[in-house]
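Here is the structure we will look at, set down as structure tokens.
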Amino acid sequence: MSSLTTLKSRLSCVRGLGSAKEGAAHWWAQRLTAIALVPLVFWLAASLAALSGAEHGAVVAWLRGPVAPVMMIAFLVAGFHHLQLGMQVVIEDYVHSEAAKITFIIIVKLGSVLAALISVLSVLRIALGS
Amino acid sequence: MVQDDRPLSPHLQIYKFQFTSVLSILHRMTGVALGLGTLFLVGWLVAAAAGPEWFQDARAVAGSWPGGLVLLGFTWSLFYHLCNGIRHLFWDIGMGFELTTARLSGWCVVLSSFSLTAAAWAVGVFGLGSIP
């Protein structure tokens with residue numbers, strides 16, 4: 001909005017367009033999940049490196065331990081939330097056709113929820129299995 | 001509102017890449033790569049939950065040379081995005097914006113990402129350490 005095409009003052013132009021205390025929600029959620037992911041990624045990388053080439057039985061035993069299922073589910077929840085927030089920004093920045101942009105964002109958001117559900121359920125099936 | 005004097009994004013066709021800007025775009029690229037790579041982790045967990053036969057297939061994929069290449073790329077992307085993400089968190093609290101500091105922290109990220117990748121693969125290949 002240019003000051004030459006409206007009689008409104010600059011203050012009046014921005015009133016009602018700013019943050020209603022939730023403008024930073026996306027930014028904040030991305031940082032919060034990032035902080036959670038710092039220890040979780042170190043744990044995951046160390047665990048997967050130690051499990052490299054492991055048989056099915058060893059992986060099942062590991063996911064039935066006291067620590068691994070909690071850390072793995074925490075990683076999956078924080079990770080997929082962080083992933084879809086980040087992908088949303090990338091899509092918004094680089095996809096300029098409105099239809100394609102909305103389509104990609106829907107795919108990423110719903111796909112992340114689905115992938116998170118599938119992987120968390122897999123961990124639970126192993127952890128709680130007999 | 002007057003828009004003419006607002007800053008513009010870099011115009012990529014005439015933009016001269018700098019060390020810090022390359023690190024910046026790498027953060028996004030590794031982020032997208034990790035998003036796709038996480039699907040392999042989902043597949044690995046699903047295979048583990050489905051039983052030994054399925055898991056054997058997942059092991060075969062991870063153990064093949066294309067699978068190994070993806071795993072190596074995933075490992076480096078993970079550590080790069082982690083280290084540079086920590087760098088971003090310091091910027092978020094207003095620390096490290098000076099040009100010399102930003103370059104130094106950038107080199108720390110590059111070196112850490114390669115060192116941590118080497119360490120993780122040393123553990124994986126030589127079977128060091130116990131499962132945390």
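Bear in mind that the values in this text are calculations on the coordinates, not laboratory data. Note that the structure is predicted; figures quoted are calculated from it, not measured. Positions of Cβ are generated from backbone atoms using ideal geometry, with glycine treated the same way; all protein chains shown enter the neighbour counts.
Using a 10 Å cut-off around each Cβ of peptide B:44-56, what is the average number of partner chain Cβ atoms that fall inside?
Average neighbour count from other chains, rounded to a whole number: 5.
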**Table column - 3J(HN,Hα) (Hz), segment B:8-18, Karplus curve with 6.51, -1.76, 1.60, x for Gly and Pro** = 9, 5, x, 8, 4, 5, 10, 7, 8, 5, 10
**In nm, spacing of pseudo-spin labels at residue A:93 and residue B:125 (7 Å Cα→C-beta vector)** = 3.4 nm
**Cβ charges +1 (Lys, Arg) and -1 (Asp, Glu), total dipole of the protein assembly as shown, debye** = 460 debye
**Prompt:** Under a GNM of chain A (C-alpha, springs under 10 Å), which listed residue has the highest mean-square fluctuation: A:64, A:15, A:31?
**Reply:** A:15
**Item:** Spin-label model distance (nm) - residue B:118 vs residue B:15, 7 Å beyond Cα toward Cβ
**Value:** 3.1 nm
**Message:** Could you list B:83, B:108 so that the one with the fewest beta carbons within 10 Å of its beta carbon is first and the one with the most is last?
**Reply:** B:108, B:83
**Message:** Given a Förster distance of 25 Å, report the FRET efficiency between residue B:61 and residue A:38 from their Cβ-Cβ distance, rounded to the nearest 0.05.
**Reply:** 0.30
**Asked** How do A:104, B:114 rank when sorted from fewest to most other Cβ atoms within 10 Å of their own Cβ?
**Response** B:114, A:104
**Prompt:** So which residue, out of A:76, A:40, A:51, gets the largest mean-square fluctuation from a GNM of chain A using Cα contacts under 10 Å as springs?
**Reply:** A:51
**Asked** Measuring from label point to label point, each 7 Å out along Cα→Cβ, what is the residue A:28 to residue B:107 span in nm?
**Response** 3.9 nm
**J(HN,Hα) series, segment A:49-62, from Karplus relation 6.51 cos²θ - 1.76 cosθ + 1.60, nearest Hz, glycine and proline x** = 5, 5, 8, 3, x, 5, 6, 3, x, 5, 5, 4, 4, 4
**Request:** Only residues of segment A:28-46 count here: report those whose backbone N is under 17 Å from the spot 7 Å along Cα→Cβ of residue A:67, or say none.
**Result:** A:37-46
